[in-house]
Amino acid sequence: MRRMHLVLLLALTGSTILIACLQTKSEVDVKPVDINLNITGRLEVVITDARKVEEEITGSKPKRTVRPEDIGLPPASSDKSDAGGAMNADPYGDTSFPSVADAGSIVPVASDPEQQLIEQMAARHPQIQKMLDNQLVGESHTGYLVSKATLTASQQSLMVAENSDRLQLYKLEAAKKNAPLDQVALGYYLARLGHVNRGNWVDQFNKSTGSWEWFQWNR
């Protein structure tokens with residue numbers, strides 16, 4: 001009888017652990033994107049570097065400078081202590097591109113995962129911009145493209161490829177800057193707002209409702 005109680009207890013314990021694991025996985029899978037609105041100097045560093053990357057992707061200077069408060073968010077803190085150390089490193093400085101004298105001992109730039117992602121996004125940028133200008137997709141604060149109309153199979157594939165490259169870029173930047181992934185994505189969103197055209201779908205934070213709302217850029 002004691003052995004039966006022990007077996008039953010172990011079975012129940014194992015079931016509890018299994019259920020807990022399944023619940024945890026489910027929660028992770030369905031958890032919505034949560035953008036941290038605690039804007040700090042860390043985001044300023046991300047935005048600064050993201051603007052450089054976006055210039056390389058678009059091949060042009062931004063039309064405007066968009067700050068967090070321009071889209072309804074709190075202004076970024078000027079606290080420099082939050083943006084110290086490696087976060088101030090210029091990803092396009094000497095640490096990323098060794099001098100010509102060292103060229104014989106380095107691998108081609110294309111082998112740099114971040115640079116490869118940038119080049120891929122730059123190559124498809126004209127098509128992405130055309131989709132934005134035709135109001136087929138919009139730029140979301142989550143850092144990704146979102147469909148705003150019915151897309152063809154090729155347009156859908158293009159959007160998926162772009163979002164996939166963006167995610168990988170955010171992961172690399174988050175690891176390099178020791179910053180949350182959502183803050184990196186938000187930083188890139190703000191950088192992209194410097195390049196959008198009038199009529200492009202974007203979104204902004206409504207402080208009165210505490211939610212993000214789509215609008216067509218008109219500034």
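The values are calculated or read from the model by the stated rules, or taken from the named source; none is laboratory data. All figures in this text were calculated on a predicted structure; none of them were measured in a lab. Quick reminder, even Gly has a Cβ in these numbers, built from the backbone with ideal geometry, and neighbours come from all protein chains shown. Note: accessible area is taken over every heavy atom of the protein model, side chains too, but ligands, DNA and RNA are not part of it. Shrake-Rupley method; radii C 1.70, N 1.55, O 1.52, S 1.80 Å.
Here are the numbers for the structure shown:
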| read-out | value |
| --- | --- |
| Filtered residues of segment 173-203 (kept if more than 13 Å from the chain's Cα centre (by Cα), at pLDDT 95 or above and more than 13 Å from residue 144 (Cα to Cα)) | 194, 195, 196, 197, 198, 199, 200 |
| Lone qualifier among 151, 169 - being of a type in the set (A, V, I, L, M), in a loop (DSSP other than H, G, I, E, B) and in contact with a Leu (Cβ under 7 Å, 6 or more places away or on another chain) | 151 |
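Residue-wise test of (1) open to solvent by 10 Å² or more (accessible area, probe 1.4 Å); (2) touching a helix residue (DSSP H, G or I) at 6+ places or on another chain (Cβ under 9 Å); (3) under 23 Å from residue 76 (Cα atoms).
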{"site": "129", "(1), (2), (3)": "yes, yes, no"}
{"site": "141", "(1), (2), (3)": "yes, yes, yes"}
{"site": "158", "(1), (2), (3)": "yes, yes, no"}
{"site": "205", "(1), (2), (3)": "yes, yes, yes"}
{"site": "211", "(1), (2), (3)": "yes, no, yes"}
